[in-house]
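Undergrad: One structure follows; several queries about it will come next.
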Ligand SMILES: C[S@@+](CC[C@H](N)C(=O)[O-])C[C@H]1O[C@@H](n2cnc3c(N)ncnc32)[C@H](O)[C@@H]1O
């Protein structure tokens, strides 16, 4: 992980070198539209109210949770006592980005969404209100945190919290009951060896329109999660990565992903990176845009 000072330098460099965030001189009509209608959209949507009221409650919540230390740099099995208010102020995405994700999903009419790293469920609460949402699946490995998020998200509908480590093995092994084929017994389905929690979750999706990868910020898992999720995406989908400049490993992962031939457009907003797979672009494009 980079030091605060290193990140500050990188951020200043991004501000200097990134394209202006108003779309001037932008030749790609798709990106111009994304900037003008999504990034620059300052409207105060009704959907912003409930998640922010929830965030306020969390910031005042002094309950202490026993939290598994997952993700980058953690030692498996370690737990830490953390106040809910502290988690809410350090691990939860800033409202600027939760709102942006809500606007992206709403603008492109994304119905099936996957989030890796629920934390307390603030961004999930935004995404749960996307008009026309068919399903939001959000995954969290820290039990007590997932429980709190699940309680809040129960009030939104169409949201499912999957508990457990992304790479944890799915209980039940390789064969799974797929349903009753006839009245003589079950039809068993080969799920292709022992799956990870993420593989099983992705396999259960009919398709993935948008995914937000916001947990376990390391190179190898990030690349693996990209591959797993990509299998259920389509030309209109997008995958959003959090903290792409957080460490050298994350910068390497981001660089590999944005250069991947399947990615036709990548957008660097410094704290998040977005990749699209649309076929209409004549050539592969990459933009760093001030946000
Ligand atoms: C930065 S927080 C997510 C914030 C949330 N997306 C939001 O916008 O409010 C990352 C979360 O991912 C979880 N996490 C990290 N690595 C994980 C792993 N390998 N398996 C499951 N959960 C993990 C952490 O417990 C943490 O709650």
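The values are calculated or read from the model by the stated rules, or taken from the named source; none is laboratory data. Here the structure is a predicted model, which is why all the values come from computation and not from measurement. Glycine gets a Cβ as well: all are built from the backbone with ideal geometry, and neighbour counts include every protein chain shown.
Undergrad: Could you check the stretch 226-276 and list, in sequence order, the residues that are more than 25 Å from residue 29 (Cβ to Cβ), free of Cβ contacts under 8 Å to residues at least 12 places away in the same chain and over 15 Å from the mean Cα position of the chain (by Cα)?
TA: 251, 255
Undergrad: With the requirement that a residue be in a helix (DSSP H, G or I), within 16 Å of the ligand (Cβ to nearest atom) and more than 21 Å from the chain's Cα centre (by Cα), what does the stretch 28-61 give you?
TA: Going residue by residue through the stretch 28-61, those that are in a helix (DSSP H, G or I) are 29-39, 46-59.
Next, only the ones that are within 16 Å of the ligand (Cβ to nearest atom) stay: 47-48, 50-59.
If the condition is that a residue be in a helix (DSSP H, G or I), within 16 Å of the ligand (Cβ to nearest atom) and more than 21 Å from the chain's Cα centre (by Cα), then 53, 56, 57, 59 are the ones that fit.
Undergrad: For the stretch 76-83, does any single residue satisfy the condition of being surrounded by 13 or more Cβ atoms within 10 Å (Cβ to Cβ) and out of contact with any strand residue (DSSP E or B) (no Cβ under 6 Å at 6 or more places or on another chain)? Walk me through it before giving the result.
TA: First pass over the stretch 76-83, keeping only residues surrounded by 13 or more Cβ atoms within 10 Å (Cβ to Cβ): 79, 82-83.
Restricting the remaining residues to those that are out of contact with any strand residue (DSSP E or B) (no Cβ under 6 Å at 6 or more places or on another chain) gives none.
No, the conditions are met nowhere in the stretch 76-83.
Undergrad: Of all residues in the stretch 101-130, which are out of contact with any helix residue (DSSP H, G or I) (no Cβ under 7 Å at 6 or more places or on another chain) and surrounded by fewer than 22 Cβ atoms within 10 Å (Cβ to Cβ)? Explain how you work it out, then say what you get.
TA: Taking the stretch 101-130 as the starting set, the residues that turn out to be out of contact with any helix residue (DSSP H, G or I) (no Cβ under 7 Å at 6 or more places or on another chain) are 106, 108-112, 117.
Within the stretch 101-130, 106, 108, 109, 111, 112 meet the criteria.
Undergrad: So which residues in the stretch 35-75 are over 30 Å from residue 164 (Cα atoms) and out of contact with any helix residue (DSSP H, G or I) (no Cβ under 8 Å at 6 or more places or on another chain)?
TA: Narrowing the stretch 35-75 to residues over 30 Å from residue 164 (Cα atoms): 35-46.
Those that are over 30 Å from residue 164 (Cα atoms) and out of contact with any helix residue (DSSP H, G or I) (no Cβ under 8 Å at 6 or more places or on another chain): 35, 36, 40, 42, 43, 44, 46.
Undergrad: Contact list please: Cβ distance under 6 Å, first residue in the stretch 155-167 and closer than 17 Å to residue 204 by Cα, second residue modelled with pLDDT of 95 or more and more than 15 Å from the ligand (Cβ to nearest atom), pairs at least six apart or on different chains.
TA: Once the first residue is closer than 17 Å to residue 204 by Cα and sits in the stretch 155-167, its partners that are modelled with pLDDT of 95 or more and more than 15 Å from the ligand (Cβ to nearest atom) give 158/133; 158/135.
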